[in-house]
Amino acid sequence: MIPASLYLHIPFCRIKCSYCAFNTYINLDNLIEPFVKALIREIQIVGESQPEQLLHTIYIGGGTPSLLSVEQISQILSAINRYFRLTADAEISMESNPADLTPEYVKLVRSLGVNRLSIGMQSANEAELELFARRHDLQAVIRAVDAARRGGFDNLNLDLIYGIPNQTLANWEKSLEVLLNLEPEHVSLYALGLEDGTSLKNWVDNGKVPSPDDDLAADMYDMATDMLGSAGLDQYEISNWAKAGLECRHNLQYWRNLPYPGVGPGAHGYANGVRYSTILSPHRYIKAMTESKQTFDFPRTPATDQATVVDRDNEIAETLIMGLRLTQEGIDRVTFKRRFGEDLLDIHPDVIQRYRSHGLLYVDDQVVKITQQGRLLSNMIFRDLV
Ligand code: SF4
């Protein structure tokens with residue numbers, strides 16, 4: 001059985017950031033306790049319906065998982081250990097807001113077995129953090145990284161956002177410099193997207209804030225690629241860089257299109273050939289997990305909202321799109337053939353040949369992968385491959 005990755009969605013935040021369209025809620029702290037109970041019930045159902053399932057990564061995301069107490073995180077991890085088998089070297093990641101990371105909290109979370117901490121830095125520029133309505137400043141990020149190091153974390157991820165209204169190349173360079181001085185093992189960079197329903201999109205639509213500049217964002221991406229590469233961080237995915245051997249194994253599971261059950265409100269999952277999502281509302285999630293006595297086939301639970309059986313054509317398309325995001329690894333042709341019974345080049349001979357001849361795809365006997373030039377046109381390549 002292929003080792004799986006477990007995603008847990010913690011849908012609570014203290015403040016809604018201006019750009020955020022994630023499934024997360026503020027002012028629902030009174031639901032955290034019943035939510036943890038419901039989540040443990042869902043972990044139990046998923047684990048018991050697939051008793052031999054081995055997990056090699058766990059990702060506690062959100063939302064803001066660092067709003068949970070140490071005791072609540074301990075209860076959740078104990079439940080996972082009770083209902084799943086974990087590999088000895090399982091990667092256990094947790095997302096966090098720098099404002100929550102006191103030395104005591106970080107040390108205790110590390111002692112529970114969390115061995116990879118993702119800290120939402122987003123920017124080193126105070127005006128940009130204010131525009132985002134982040135509840136931390138740069139000093140809080142610096143203190144959080146220091147606390148994490150002292151607390152025993154040797155695998156830290158820092159996130160930054162680029163393409164921000166009013167952001168200059170000089171501001172971006174400064175954010176990257178500050179980030180590199182913090183010496184993270186892993187970096188994720190996100191181009192700012194204006195999502196419907198967010199404050200930031202409303203401000204842009206109403207002319208209160210200028211639109212992000214796509215050309216400038218492309219220059220920022222190039223600058224980041226140079227600076228991170230020079231600092232010894234290897235790009236292994238379109239938006240992710242890591243020191244050698246410290247690529248995020250959980251996210252690699254997504255990009256290799258391998259199974260990842262998802263639990264918690266609004267979680268997405270893919271397991272047993274089914275792609276699915278859970279109920280968005282924490283209220284309804286808790287009710288479903290507390291009241292339902294029905295039994296469900298793995299990976300479904302009482303919290304499952306949408307579920308689609310992925311047919312072979314879609315599985316191939318998803319494997320291609322996600323695999324091509326892996327800039328170094330690409331798609332291994334032997335693994336692909338073992339999985340689908342056909343060589344990738346026989347499935348899409350014309351498209352692959354066309355992009356190869358334009359220098360946008362690299363092809364040899366082992367792999368098909370996107371080139372540096374192809375990264376800028378990746379969406380067009382993905383479209384043609386499906
Ligand atoms: S902390 Fe993260 S999940 Fe919460 S509102 Fe901000 S961006 Fe969204």
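The values are calculated or read from the model by the stated rules, or taken from the named source; none is laboratory data. No experiment lies behind these values; they were computed from the predicted model shown. FYI the Cβ positions are ideal-geometry reconstructions off the backbone, even for glycines, and counts take in every protein chain you see. Accessible surface is based on the protein model in full, side chains and every heavy atom, while ligands, DNA and RNA are left aside. Shrake-Rupley method; radii C 1.70, N 1.55, O 1.52, S 1.80 Å.
Sorting 145, 309 by accessible area puts them as 309, 145; the probe is 1.4 Å, largest comes first, and only protein heavy atoms count. For the stretch 60-126 versus the stretch 157-177, the spacing of their alpha-carbon centroids is 26 Å.
Express the carbon and sulfur contribution to the solvent-accessible surface of the stretch 123-186 as a percent, rounded to the nearest whole number, probe 1.4 angstrom. Result for the stretch 123-186: 44 percent of the exposed heavy-atom area is carbon or sulfur.
Sorted on the mean count of surrounding Cβ atoms within 10 Å across their residues, most packed first, peptides 38-51, 347-360 read 38-51, 347-360.
The loop-placed trypsin sites (Lys or Arg not before Pro) in the stretch 225-304, going by DSSP, that have at most 10 neighbouring Cβ atoms within 10 Å of their Cβ come out as 293.
Quick check: net charge around residue 350, other residues with Cβ under 13 Å of its Cβ, Lys/Arg +1 and Asp/Glu -1? Intermediate values should be presented prior to the final figure.
On the way: positive: 354, 356; negative: 346, 384.
After counting each charged neighbour, the total is 0.
Qualifying chymotrypsin sites (Phe, Trp or Tyr not before Pro) in the stretch 123-213, where qualification requires a DSSP coil assignment and no more than 10 other C-beta atoms within 10 Å, are lacking entirely. Tell me, what is the percent relative contact order of the stretch 218-310, built from C-alpha pairs under 8 Å that lie six or more residues apart? Relative contact order of the stretch 218-310: 18 percent. Using 0.36 nm per residue and subtracting the Cα-Cα separation, the extra length available between residue 338 and residue 208 on full extension is 41.4 nm. Taking the 1.4 Å solvent-accessible surface of the stretch 312-385 as the whole, the part contributed by carbon and sulfur is 47%. Among the cysteines of the chain, those with no neighbouring cysteine Cβ under 4.7 Å are 13, 248. Ordering 94, 1 by accessible surface, largest first, gives 1, 94; the 1.4 Å probe counts only protein heavy atoms, with every chain in place.
Protein heavy-atom accessible surface, 1.4 Å probe, per residue over the chain: 44 Å². Take every DSSP beta bridge whose two residues both sit in the stretch 4-255; close to 20 percent of them are antiparallel.
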